[in-house]
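J.: Structure below; questions to follow.
Read-outs throughout are calculated quantities, based only on the coordinates presented, and are distinct from any laboratory measurement. Not measured: the values here are computed from a predicted model. Cβ placement follows ideal geometry from the backbone for every residue including glycine, while neighbour counts extend to all protein chains displayed.
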Amino acid sequence: MVAITVVLVGLLYAIVAGLIASPAVPQSIGLVVESTTGNWSVRVVSVPPGKLPNTTYLLIRDANGSFLLPRMAIANFTEANWATLYVLYQDAHPQVAEIEASDRFLIDQATYPRGSVLEISDSQRILAMQTLQ
């Protein structure tokens with residue numbers, strides 16, 4: 001009788017614990033695009049935890065879907081690479097390894113005109129798609 005009670009309590013606990021799950025962490029990056037003199041300023045307003053510049057990627061397509069900038073790690077968008085890629089990642093919190101809200105991208109408008117689509121992804125999913133306008 002005691003064994004049956006223990007088994008039933010254990011089963012009930014397993015069922016209830018499965019129903020009460022912790023809330024899912026959002027898996028998207030919020031972006032705000034502004035046009036500045038000659039550049040797009042794309043500010044990160046929200047980002048899930050654990051997204052690192054080495055393992056989070058950016059690509060840009062034109063309005064027809066053709067690649068203007070192939071997928072590459074955000075860590076590549078440095079001042080040293082500006083003259084080649086025309087995209088700069090500005091880390092607002094350099095003491096933190098992760099991508100954070102208030103980090104931003106400067107993107108050259110002549111290279112990536114109005115209507116181009118910026119896409120940010122990790123190894124599993126697309127985290128953001130934003131039209132430059």
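J.: What does the charge count around Glu34 come to, taking other residues whose C-beta lies under 14 Å from its C-beta (Lys +1, Arg +1, Asp -1, Glu -1)?
T.: +3
J.: Which whole-number percent of Cα pairs in segment 30-131 have a distance greater than 22 Å?
T.: Distances greater than 22 Å cover 21 percent of the Cα pairs.
J.: Over all distinct alpha-carbon pairs, what is the Kirkwood Rh of segment 56-111 in angstrom?
T.: 12.1
J.: Once fully extended, how much extra length lies between Gln95 and Asn81, figured as 0.36 nm per residue of separation less the alpha-carbon to alpha-carbon distance?
T.: Between Gln95 and Asn81, full extension yields an extra 2.9 nm.
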